[in-house]
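*Asks:* Got a structure for you, written out below as structure tokens; questions coming shortly.
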Amino acid sequence: MTTRNPENIEPGTQPSTDQKTRRVQRLWPLVSAFAVLVVAVLIGALVMLRGAGNPLGFDTEWMDEIVEHRSPVWEIPSLAMNYLGGGVIGVFIVPIAIIVGLCLFGRFWAALYFAAATILSAGLVQLLKGIFGRARPEEILVHADVGSFPSGHVANATTMAVVLAIILRRGWVWIVGVVYVVLMLLSRTYLGAHWLSDTFGGLLLGAGVAIIVWAPIANRLYRENERVHRFVLERE
């Protein structure tokens, strides 16, 4: 009597990355549900603690430090991050450029993944802003829409960083992504556009969305990456 081995793994050998991503894709409902639950609990905890929209203790302490140390030296890069992460540049130009670039390199599943994660992240941000209706800090230096929680700039930056890190699978992409998210977080609080807890909420939401959207197409992304690499090597 033979034992079924649907994934053709020889005894004593470790499953390949392809087989691992197949497992992720097969279990995506469980992975997605768990990720959604964790993100919802963390974001809900922040909102519960805020007390009718009032800033938390660390929110006011952080904002006091920011206001005390404001100067043109820090204001200019913060404004640059403001435009890079939002408005026409952050919402349309940067995402479209990334999607087009991925398509030009034959990464169509990656382009679809990036587009879906970006749209879902932005949609959830607006939904939560409308639900919570948290007021922005009075020390705000830029024009912004209504709703402070969560930070759309930070959510967008985190979603983009995690998605690109998953797609490109390079250590330096993770490092650049972390630096970009941290700079975005700091710039949003420096400009008084968000409380610090708003940026934490955006970070959690962005990372959660990136992972949730990745789960059902993990194996397709892996296979596409391998196919593109083989094609490039053959051309060389």
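The values are calculated or read from the model by the stated rules, or taken from the named source; none is laboratory data. Quick caveat, the model's predicted, so the values are computed rather than measured. Backbone-built Cβ (ideal geometry, glycine too); neighbour counts: all protein chains shown. Please note that ligands, DNA and RNA were not included when accessible areas were found on the heavy atoms of the full protein model with its side chains. Shrake-Rupley method; radii C 1.70, N 1.55, O 1.52, S 1.80 Å.
*Asks:* Of all residues in region 164-175, which are over 16 Å from F105 (Cβ atoms) and surrounded by 14 or more Cβ atoms within 10 Å (Cβ to Cβ)?
*Replies:* If we filter region 164-175 for residues that are over 16 Å from F105 (Cβ atoms), which is where we start, we get 165, 171-172, 174-175.
Residues satisfying the conditions are A165, W174.
*Asks:* Let me ask something else. Evaluate region 170-178: report whether one residue or more is modelled with pLDDT of 90 or more and touching an Asp or Glu at 6+ places or on another chain (Cβ under 8 Å).
*Replies:* Looking through region 170-178, none of the residues is modelled with pLDDT of 90 or more and touching an Asp or Glu at 6+ places or on another chain (Cβ under 8 Å).
*Asks:* Next up: Quick one: which of A115, A157, A135, A122 is among the small types (G, A, S), at pLDDT 90 or above, farther than 20 Å from V31 by Cα and open to solvent by 50 Å² or more (accessible area, probe 1.4 Å)?
*Replies:* Values: A115 fails: open to solvent by 50 Å² or more (accessible area, probe 1.4 Å); A157 fails: open to solvent by 50 Å² or more (accessible area, probe 1.4 Å); A135 fails: at pLDDT 90 or above.
On inspection, the qualifying residue turns out to be A122.
*Asks:* Those residues that are crowded, with 17+ Cβ neighbours inside 10 Å, over 17 Å from the mean Cα position of the chain (by Cα) and part of a helix (DSSP H, G or I), I need them from region 63-112; list them, please.
*Replies:* Across region 63-112, the qualifying residues are M63, I66, S78, L102, W109.
*Asks:* With (1) at pLDDT 90 or above; (2) hydroxyl-bearing (S, T, Y); (3) part of a loop (DSSP other than H, G, I, E, B) as the list, and S148 as the residue in question, which single condition is left unmet?
*Replies:* (1)
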